[in-house]
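Here is the structure we will look at, set down as structure tokens.
The values are calculated or read from the model by the stated rules, or taken from the named source; none is laboratory data. Since the model is a prediction, treat every value here as computed from it, not as a measurement. Methodologically, a virtual Cβ is constructed for each residue, glycine included, from the backbone with ideal geometry; neighbour enumeration extends over all protein chains shown. Side chains are part of the model used for accessible areas, which takes the heavy atoms of the whole protein and leaves out ligands, DNA and RNA. Shrake-Rupley method; radii C 1.70, N 1.55, O 1.52, S 1.80 Å.
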Amino acid sequence: MLGVNEPTGIVVLVSGSGTLLQALIDASLDPAYGVRILAVGADRDDIEGLRRAERAGIDTFVCRVADFSDRVAWDAGLAAEIASRTPKFVVTAGFMKILGPETLADRVILNTHPALLPSFPGAHGVRDALAHGVKITGTTAHLVDAGVDTGRILAQRAVDVLDDDTEETLHERIKVQERELLVELVGRLGRDELTLPGR
């Protein structure tokens with residue numbers, strides 16, 4: 001059982017620059033935040049997300065699909081790496097792989113997406129929203145399931161689409177809201193202030 005002031009341990013999965021991860025690292029420096037990052041895992045070597053973790057003194061691991069015989073074996077390997085750290089929950093912060101049944105089993109996994117789901121799921125949510133001509137988009141925090149951005153929605157924040165927006169300018173404004181939303185939700189989950197739907 002957790003002590004009164006003992007932070008909740010989480011594992012964060014990344015695939016790239018790790019700006020969402022950095023927001024969580026920064027937040028976790030405050031003892032009142034209630035969350036400690038036990039490890040950062042990646043599906044690629046030599047990425048800035050891993051370097052951010054290493055600079056913060058956080059344990060890291062890499063599970064590359066190419067190092068396993070198939071996706072089933074990769075999923076089992078990733079699940080084992082996560083389980084060995086015994087996190088309360090997992091955060092995918094720009095992790096660009098679909099998680100398999102071993103990783104998803106009996107585990108709360110939180111993700112953010114740069115669109116207002118269920119609209120514009122997938123890897124190009126910002127581009128798709130612009131192409132569709134919407135006037136409002138945003139970011140969604142949701143639980144991860146076996147689908148692509150189909151898990152239960154926990155929270156959303158809206159972002160106006162400006163007439164002169166490019167994919168890059170819109171995505172940058174969405175990222176600001178995405179980081180704030182993720183930090184807020186992870187902290188609430190860590191401090192047991194958030195009741196997950198269906199649990």
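Of the residues contained in the stretch 159-167, one or more are found to be at pLDDT 95 or above and open to solvent by less than 20 Å² (accessible area, probe 1.4 Å). For the stretch 31-73, a tally of residues being among the basic types (K, R) and crowded, with 18+ Cβ neighbours inside 10 Å returns 1.
Of the numbered criteria (1) touching a residue at least 24 places away in the same chain (Cβ under 8 Å); (2) part of a strand (DSSP E or B), the one V159 fails is (1).
Quick grid of which residues meet (1) within 18 Å of the chain's Cα centre (by Cα); (2) under 22 Å from L143 (Cβ atoms):
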{"site": "S15", "(1), (2)": "yes, yes"}
{"site": "A23", "(1), (2)": "yes, yes"}
{"site": "V62", "(1), (2)": "yes, no"}
{"site": "A66", "(1), (2)": "no, no"}
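All of (1) out of contact with any Ser or Thr (no Cβ under 9 Å at 6 or more places or on another chain); (2) open to solvent by less than 20 Å² (accessible area, probe 1.4 Å); (3) on the phi < 0 side of the Ramachandran plot hold for E6 with one exception: (2). Among residues that are among the aliphatic types (A, V, I, L, M) and either more than 25 Å from K97 (Cα to Cα) or at pLDDT 95 or above (or both), L170 is included. H132: within 18 Å of the chain's Cα centre (by Cα), open to solvent by 80 Å² or more (accessible area, probe 1.4 Å), over 26 Å from V35 (Cα atoms) and not aromatic (F, W, Y), yes or no? Judged against the criteria, H132 is not a match. Among the residues of the stretch 129-143, is there at least one that is hydroxyl-bearing (S, T, Y) and in contact (Cβ under 8 Å) with a residue 40 or more places away in the chain? Looking for residues that are hydroxyl-bearing (S, T, Y) and in contact (Cβ under 8 Å) with a residue 40 or more places away in the chain, one finds at least one in the stretch 129-143, hence yes.
Matching residues to (1) among the polar types (S, T, N, Q); (2) over 17 Å from S15 (Cα atoms):
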site: S69; (1), (2): yes, yes
site: D75; (1), (2): no, no
site: L78; (1), (2): no, no
site: P87; (1), (2): no, yes
site: G94; (1), (2): no, no
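Within the stretch 179-199, identify whether any single residue is among the aliphatic types (A, V, I, L, M) and farther than 23 Å from A23 by Cβ, and answer yes or no. No, that holds for no residue. When each of T195, T140, T112 is tested for being open to solvent by less than 40 Å² (accessible area, probe 1.4 Å) and more than 18 Å from V14 (Cβ to Cβ), the lone residue that passes is T140. Give the number of residues within the stretch 168-188 that are hydrophobic (A, V, I, L, M, F, W, C) and open to solvent by 10 Å² or more (accessible area, probe 1.4 Å). Looking only at that region, the number is 2.
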